[in-house]
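Each value in this text was obtained by applying a stated rule to the coordinates, not by laboratory testing. Not measured: the values here are computed from a predicted model. With ideal geometry, Cβ positions are generated from the backbone for all residues, glycine too; neighbour counts draw on all protein chains shown.
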Amino acid sequence: MPRDMEQYLRPGLTSTTFCPGCGHGILMGLIFRAIDELKLNMDEMLFVSGIGCAGWIPSPHFNADTLHTLHGRAIPAATGAKMFNPKLTVMVISGDGDLADIGGNHLIHAARRNMDLTVICASNMVYGMTGGQVCSTTPAGAFTRTTAQGNPYRPFDLCKLVVAAGATYAARYSVTQPFALKASIKKALQINGFCFIEVLSPCPTQFGRHNQLDTPVGTIKYLMDKCITKKRAKNLSPEELKNKIITGEFTNGAD
Amino acid sequence: MVRYYLSGNEAIAEGAIRAGCRYYAGYPITPSSEIMERISVRFNEIGGVFIQMEDEIASIGSVIGASWAGAKAMTATSGPGFTLMQETVGYAAMTETPLVVVDVQRAGPGMGQATRVASGDIMQAKWGSSGDYQVIALCPWSVQEAYEQTIKAFNLAEKYRVPVLLLTEEAIGHLRERIDIMKDIELFNRKKKAGAAPFGTKERDGVPPMPTFGEGEKLLVTASTHDSYGFRKTDDPLIHDRLVSRLNEKIINNREKIIDYEKYYLEDAKVVVISYGFTARSSLFTVEAMREEGEKIGMLRLKTLWPFPDGLTRDIGARAKVIFVPEMNKGQVAGEVRKYASCQVVSFTQTNGEVIYPDTIIEQLRRHL
């Protein structure tokens, strides 16, 4: 059934707004598959997003209630909807700039409150929509439109951040790990409490071109090389772990 | 009828509950905090949803989510917090989200004097967010009216799908007075129509029906320019102009229904005081005292500040010799009066963090008469 997922797409759409090589389409497909496998009813779900490329994953693509909020304010709006109508399954899908930079305070407070939300942070490590400026998730040394000499600052470890703030579930996967990512989304949708998944998503247009990764394949390979699972990371020395991104679950309230 | 003895802030909390408000998110700020404190206790009793958020931006942000989830929702703040909320006020105007924001005004700018009174946010309320939009702003002069106008604020928000701002002042918020609560109060709930376009209408009032999350309407809510079903249309000049025009016209064209005021001795008045909020109490005292001395003086008390009563001001300006506008700011409403009144307009301002006493107004009036 190759076109089964179309039922989750808003009718009338002919294309996405994503650039060639963008990973957000893969993430979108995996969210649909997770919903499909859990047999969730989209009419009982609410998808909240902020500003940026990732904010356009649910709005307008998802054939469900969507709330496209101000920059950084997806989590407060999701909190209000969930608090007033707890029957809604509320998922926040937004970017790293939106959730971690301008909305960072809301992120940690929602984790502290253990608000029953599933927050998916599509992280391309750069401000995509505004033209490729540095983000709080940009790796140290990476080139962007506002770090011509390389990013002088360290990136956030968002999973550690939300775990410290009290999240029930926190995981990180790359879209290059689709099966693990889909399983993680399914888990997050089933767990009560604050669930956070950082999804590394390639951005050849804005991140790639400033970092000698001009092609979609280049950025995919970059992520495949950079991301290693927790299991594999265990056997590596700190030197070997330098510049690697560890993927897997960082807290799992269901265990 | 039941009689209570309440502060203005407590009356606002009770008015909100009476209006059907069942979602409140807020952040503490003097001199508004008593509203949130009372709501937090009372919602436990009546089953409302209360949350203290991490800042004012989150407070009003969560009010947006709750409103679309079906709640009559409110937040309250004061000047600096009101400034933080302005981006979302514009968001609410663009997405036609009904909500109520109470601003218990204190002396600004900046942190100013947190426990002192002012009416310095009149223009912030009108112009605080980007672009062209309309809000409704009410301004009570007593604890009784703080209660009544809070209910009215919810009714107007639901009716016109617009953010409604209750611009009260520290002096009303912390004033204790007797209030009478009526049994029968008219309440308005947002109109609904399954399947109808939530962001466009051919109805004359210009207000589309509003669905709720979870009803299977597959809503697309965005403050980017959108068509009548919510699809983003960020490069279509016609759709943008049509949307922005309707958002403005649904308030402006209905302003005769929205605007509320009280006239005192205006029939033969050559000198007119236009006043609002706490200051109107001193103004009326002054006008009545001078009337007894035989002065042909009258007063217009504004209960609605936005939309501004342009036609009424024009009429009064055509008949009066001089209009006198005392305010606890640097002449924000006086400037608006000058836009419409053809007669002389005298602005009397006081920004010392204290209420304007009748003696001060009399002294100012005598200087100009």
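Things to note:
- Sorted fewest first by neighbouring Cβ atoms within 10 angstrom, A:Met224, B:Met85 come out as A:Met224, B:Met85.
- Cut-off 10 Å between beta-carbons: net charge of the residues surrounding A:Gly166, Lys and Arg +1, Asp and Glu -1: +2
- Förster radius 56 Å - calculated FRET efficiency between B:Glu354 and A:Ala148 (Cβ-Cβ, nearest 0.05): 0.55
- Projected label distance in nm at A:Thr14 and B:Lys183, using a 7 Å step from Cα toward the beta-carbon: 6.3
- Net charge in the neighbourhood of B:Lys321 (other residues with Cβ under 10 Å of its Cβ; Lys, Arg +1, Asp, Glu -1) is +3.
- Shape category assigned to region B:116-217 from the gyration tensor of Cα positions, a/c cut at 1.5: oblate
- Applying 1/(1 + (r/R0)^6) with R0 = 51 Å to the Cβ-Cβ distance of B:Arg314 and A:Asn192 gives a FRET efficiency near 0.25.
- Mean separation of Cα contacts under 8 Å, 6 or more apart, over the residue count of chain A: relative contact order %: 18
- Pair-distance profile P(r), taking every C-alpha pair of the protein assembly as shown, with 20 angstrom steps and integer %: 19, 46, 26, 8, 1
- Using a simple spin-label model with pseudo-atoms 7 Å out from Cα toward Cβ, B:Asn253 and B:Ser342 lie 2.9 nm apart.
- Nearest-ten-degree value, helix A:24-38 long axis tilted from longest Cα axis of chain A: 40
- About its Cα centre, chain B has a charge dipole of approximately 740 debye under the convention of +1 per Lys or Arg Cβ and -1 per Asp or Glu Cβ, with nothing else charged.
- Note on chain B: GNM, Cα springs under 10 Å; of B:Arg204, B:Arg106, B:Arg314, the largest mean-square fluctuation is that of B:Arg204.
- Gyration tensor verdict on region B:48-106 (Cα atoms; rounded if a/c is under 1.5, prolate if a/b is larger than b/c, oblate otherwise): oblate
- Partner chain coverage, peptide A:55-62 - average Cβ within 10 angstrom: 3
- Estimated FRET transfer efficiency (A:Asn243, A:Asp4; beta-carbon r; R0 30 Å; 0.05): 0.15
- Dipole of region A:21-180 [Lys/Arg +1, Asp/Glu -1 at C-beta], most positive-end residue of A:Thr147, A:Gly72, A:Leu38: A:Thr147
- Label-point gap, in nm, between A:Asn114 and B:Ala289 - each point 7 angstrom along Cα→Cβ: 6.2
- Highest-fluctuation residue, A:Pro139, A:Pro86, A:Pro60 considered, GNM on chain A with Cα pairs under 10 Å: A:Pro86
- Magnitude of the charge dipole, region B:284-338, Cβ model with Lys/Arg +1 and Asp/Glu -1, debye to 20: 180
- Among B:Phe348, B:Ala320, B:Ala269 the positive-end extreme of the charge dipole of region B:261-368 (Cβ point charges): B:Ala320
- Fewest-first sequence of B:Lys183, B:Lys330, A:Lys187 by Cβ atoms within 10 Å of each Cβ: B:Lys183, B:Lys330, A:Lys187
- Between A:Gly141, A:Gly72, A:Gly52, the GNM of chain A built on Cα springs shorter than 10 angstrom shows A:Gly141 fluctuating the most.
- Distance from region B:41-110 to region A:15-67 (C-alpha centre basis), Å: 28
- Using the Cβ of B:Glu54 as centre and a radius below 14 Å, the other residues enclosed give a net charge of +1, where K and R count +1 and D and E count -1.
- Computed [θ] at 222 nm, helices only, for chain B once each DSSP H run of length n ≥ 4 contributes -39500 (n - 2.57): -12500 deg cm²/dmol
- Ordered by the number of other Cβ atoms lying within 10 Å of each residue's own Cβ, fewest first, A:Leu38, B:Leu365 fall into the sequence A:Leu38, B:Leu365.
- Helix-only [θ]222 nm of chain A, DSSP H runs n ≥ 4, -39500 (n - 2.57) each, per residue, nearest 500: -8500 deg cm²/dmol
- Degrees, to the nearest 10: A:104-113 long Cα axis against longest axis of chain A: 50
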